[in-house]
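The structure appears right after this line, and notes come after that.
The values are calculated or read from the model by the stated rules, or taken from the named source; none is laboratory data. Fair warning: this is a prediction, and the values are worked out from it, not measured in the lab. Methodologically, a virtual Cβ is constructed for each residue, glycine included, from the backbone with ideal geometry; neighbour enumeration extends over all protein chains shown. For the accessible areas, the whole protein counts, side chains as well, though only heavy atoms, and no ligand, DNA or RNA atoms are used. Shrake-Rupley method; radii C 1.70, N 1.55, O 1.52, S 1.80 Å.
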Amino acid sequence: MAERSAALLRGGISATRATFLELFFDLVFVFALTRVSQRLIDDVSTHSRDPLRETAQTVLLFLALWMVWTLTAWVTSRYEPEQAAIQFVVVASMFGSLVMSVAAPRAFAERAVPFAAAYVVIQVGRPLFLTLALRGHPRRAVTARILLWAGLGAVPWLLGALLPAAQEVLWTLALAWDYIGLALGWPLPGRGSARASGWAVAGEHLAERYQQIFLIALGETILIIGLTYSGTAFSADRALAFTWSFLTTALLWRIYFHRAGRVLAEAILAARRPGVLGESASWTHLVIVAGVLLTGVGYELVIAHPYAAAPPGWPVFVAGGPALFLAARARFEYEIFGRISRTRVAGVLVLLALAPVARWLPPVGALGLSALVLAGIAGGDALRARGRPLEEPASPL
């Protein structure tokens with residue numbers, strides 16, 4: 001029994017690259033991110049009675065989906081993804097994520113039960129299955145504590161789905177419980193914690209998964225650009241907005257992968273405790289992906305209203321999305337090289353200064369200015385890197 005359990009763990013012969021099954025799993029999150037973006041667009045562009053409240057609801061749904069994705073990524077970095085049992089866990093999580101994504105647009109209405117039930121089945125079912133599969137192995141203690149935390153967190157999720165009047169409060173508490181458990185290592189009285197930072201993980205694999213979810217987020221913005229532009233009457237104004245949108249996405253890609261984004265795998269492999277850097281990078285990529293999603297929402301608003309009055313709050317997406325991305329990317333620079341990227345910090349400040357004055361500009365003009373800020377950062381990166389070899393990572397974590 002112990003040998004069978006040990007076979008589920010990653011060993012020296014495990015593939016360091018993401019498997020095709022994991023890439024298949026990510027296809028669900030292409031769809032999931034489009035549902036999150038569309039909810040945000042509806043929150044600000046429809047005649048909502050309380051857009052801030054509905055935006056907060058969308059953020060909660062995004063964080064729930066992110067929890068599923070990131071824990072699945074850690075499972076396949078800690079366990080052998082070629083084993084049938086682990087593949088079952090991934091496929092089951094994939095189906096549950098698809099149910100959550102389908103329910104997300106109306107998750108605070110008539111689809112609350114499907115969303116909560118799918119989330120609970122994933123979060124409870126994954127550690128339950130692994131706990132049973134790891135019988136006789138010491139690593140079972142980690143999955144058992146995760147199972148206990150997930151089981152307690154399931155209560156407010158399900159109660160919130162059944163009690164609409166208390167749904168927002170209960171789901172907020174449930175999500176906070178799940179994230180506190182993840183951040184603190186699912187502590188138990190008298191038994192300490194088991195933080196992910198102390199886990200043995202496949203560093204190259206985990207780095208690749210973070211890079212892939214970033215590319216998925218960029219792909220979602222490409223879908224927004226194409227679908228929005230193809231669904232409107234062609235005009236010079238919209239063509240300009242279309243061009244600025246694509247250029248902005250290309251610049252986000254360039255800024256992310258410059259230096260730090262390329263050597264993430266090497267940094268995790270070289271770290272004395274790879275789990276520490278892996279855990280930190282997980283939180284950083286949550287913010288990076290959120291920034292990309294906000295930027296993509298701005299694309300749709302600007303392409304639809306390049307010079308006309310866009311829905312209130314559009315500068316938050318056009319300038320705030322790139323600013324959030326740059327702030328997280330500056331942290332990423334520190335995680336990999338132990339330094340503060342002054343150009344990225346300066347870019348954040350310029351974009352934050354642009355946001356309040358952008359409402360007096362045509363939306364397409366504000367998007368163009370945001371793109372120019374990003375272009376300045378990308379250009380500075382290229383000039384500093386010219387003729388210099390690729391730096392070795394020097395993570396302080």
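Restrict the check to the stretch 257-264 and report whether at least one residue is within 14 Å of the chain's Cα centre (by Cα) and either of a type outside the set (Gly, Ala, Ser) or open to solvent by 20 Å² or more (accessible area, probe 1.4 Å) (or both). Within the stretch 257-264, none of the residues are within 14 Å of the chain's Cα centre (by Cα) and either of a type outside the set (Gly, Ala, Ser) or open to solvent by 20 Å² or more (accessible area, probe 1.4 Å) (or both). The residues on offer are PHE115, PHE129, and the sole one that is assigned to a helix (DSSP H, G or I) and open to solvent by less than 10 Å² (accessible area, probe 1.4 Å) is PHE115. A Cβ distance below 6 Å, combined with a sequence gap of six or more or placement on separate chains, defines the contacts here; from the stretch 280-295, residues that are on the phi < 0 side of the Ramachandran plot reach residues that are aliphatic (A, V, I, L, M) and open to solvent by 10 Å² or more (accessible area, probe 1.4 Å) in the pairs SER280/LEU397; GLY291/LEU324. Only a single criterion out of (1) surrounded by 20 or more Cβ atoms within 10 Å (Cβ to Cβ); (2) modelled with pLDDT of 95 or more is not satisfied by ARG209, namely (2).
Only one of these is in a helix (DSSP H, G or I), more than 30 Å from GLU392 (Cβ to Cβ) and not polar (S, T, N, Q): PRO312, PRO322, PRO306, PRO356. Name it. Among PRO312, PRO322, PRO306, PRO356, only PRO356 is in a helix (DSSP H, G or I), more than 30 Å from GLU392 (Cβ to Cβ) and not polar (S, T, N, Q). Checking each residue in the stretch 147-187 for being open to solvent by less than 80 Å² (accessible area, probe 1.4 Å), more than 22 Å from PHE129 (Cβ to Cβ) and at pLDDT below 95 picks out ALA183, PRO187. Screening the stretch 63-112 for residues that are hydroxyl-bearing (Ser, Thr, Tyr) and in a helix (DSSP H, G or I) and picking the one that is surrounded by the fewest Cβ atoms within 10 Å (Cβ to Cβ) gives THR70.
Is there a residue being under 20 Å from VAL30 (Cβ atoms) and free of Cβ contacts under 8 Å to residues at least 60 places away in the same chain anywhere in the stretch 125-132?
No, because not a single residue in the stretch 125-132 is under 20 Å from VAL30 (Cβ atoms) and free of Cβ contacts under 8 Å to residues at least 60 places away in the same chain.
Out of contact with any Leu (no Cβ under 9 Å at 6 or more places or on another chain) and among the basic types (Lys, Arg) - does that describe any residue in the stretch 253-271? Among the residues of the stretch 253-271, not one is out of contact with any Leu (no Cβ under 9 Å at 6 or more places or on another chain) and among the basic types (Lys, Arg), which makes the answer no. Would you check if there is a residue in the stretch 344-352 being in a helix (DSSP H, G or I), loosely packed, with under 15 Cβ neighbours inside 10 Å and at pLDDT below 90? Taking every residue of the stretch 344-352 in turn, none turns out to be in a helix (DSSP H, G or I), loosely packed, with under 15 Cβ neighbours inside 10 Å and at pLDDT below 90.
Please state which one of ALA358, ALA328 is touching a Gly at 6+ places or on another chain (Cβ under 9 Å) and more than 23 Å from LEU218 (Cα to Cα). Selected residue: ALA358, the only one of ALA358, ALA328 that is touching a Gly at 6+ places or on another chain (Cβ under 9 Å) and more than 23 Å from LEU218 (Cα to Cα). Taken over the stretch 220-239, the criterion of being surrounded by 19 or more Cβ atoms within 10 Å (Cβ to Cβ), of a type in the set (Val, Ile, Thr) and more than 30 Å from ALA281 (Cα to Cα) is satisfied by THR228 alone.
Just checking, does the stretch 206-219 include any residue being within 24 Å of the chain's Cα centre (by Cα) and more than 20 Å from VAL287 (Cα to Cα)? No, the stretch 206-219 has no match at all.
This table checks each residue for (1) over 20 Å from the mean Cα position of the chain (by Cα); (2) more than 30 Å from GLY365 (Cβ to Cβ); (3) open to solvent by 50 Å² or more (accessible area, probe 1.4 Å).
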| residue | (1), (2), (3) |
| --- | --- |
| ALA241 | yes, no, no |
| ALA250 | no, no, no |
| GLY298 | no, no, no |
| TYR307 | yes, no, yes |
| PRO315 | yes, no, no |
| LEU324 | no, no, yes |
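Mind checking which residues of the stretch 331-343 are farther than 15 Å from GLY380 by Cβ and either touching a helix residue (DSSP H, G or I) at 6+ places or on another chain (Cβ under 7 Å) or not in a loop (DSSP other than H, G, I, E, B) (or both)?
Let us first name the residues in the stretch 331-343 that are farther than 15 Å from GLY380 by Cβ, namely 331-332, 334-338.
Residues satisfying the conditions are ARG331, PHE332, TYR334, GLU335, ILE336, PHE337.
Kindly indicate whether any position in the stretch 382-396 is surrounded by fewer than 22 Cβ atoms within 10 Å (Cβ to Cβ), at pLDDT 90 or above and under 22 Å from ARG331 (Cβ atoms). Taking every residue of the stretch 382-396 in turn, at least one turns out to be surrounded by fewer than 22 Cβ atoms within 10 Å (Cβ to Cβ), at pLDDT 90 or above and under 22 Å from ARG331 (Cβ atoms). Of the residues GLY160, GLY192, GLY125, the single one that is more than 21 Å from VAL99 (Cα to Cα), more than 21 Å from the chain's Cα centre (by Cα) and not acidic (Asp, Glu) is GLY192.
Quick check on my filter: what residues within the stretch 93-114 are within 19 Å of the chain's Cα centre (by Cα) and either within 16 Å of ALA166 (Cα to Cα) or of a type in the set (Ser, Thr, Tyr) (or both)? Matches in the stretch 93-114: SER93, SER97, SER101. ALA309 meets the stated requirement of being small (Gly, Ala, Ser) and either farther than 30 Å from ARG209 by Cα or out of contact with any helix residue (DSSP H, G or I) (no Cβ under 9 Å at 6 or more places or on another chain) (or both). Here GLY190 meets each of (1) open to solvent by 70 Å² or more (accessible area, probe 1.4 Å); (2) on the phi > 0 side of the Ramachandran plot; (3) in contact (Cβ under 8 Å) with a residue 12 or more places away in the chain with one exception, condition (3).
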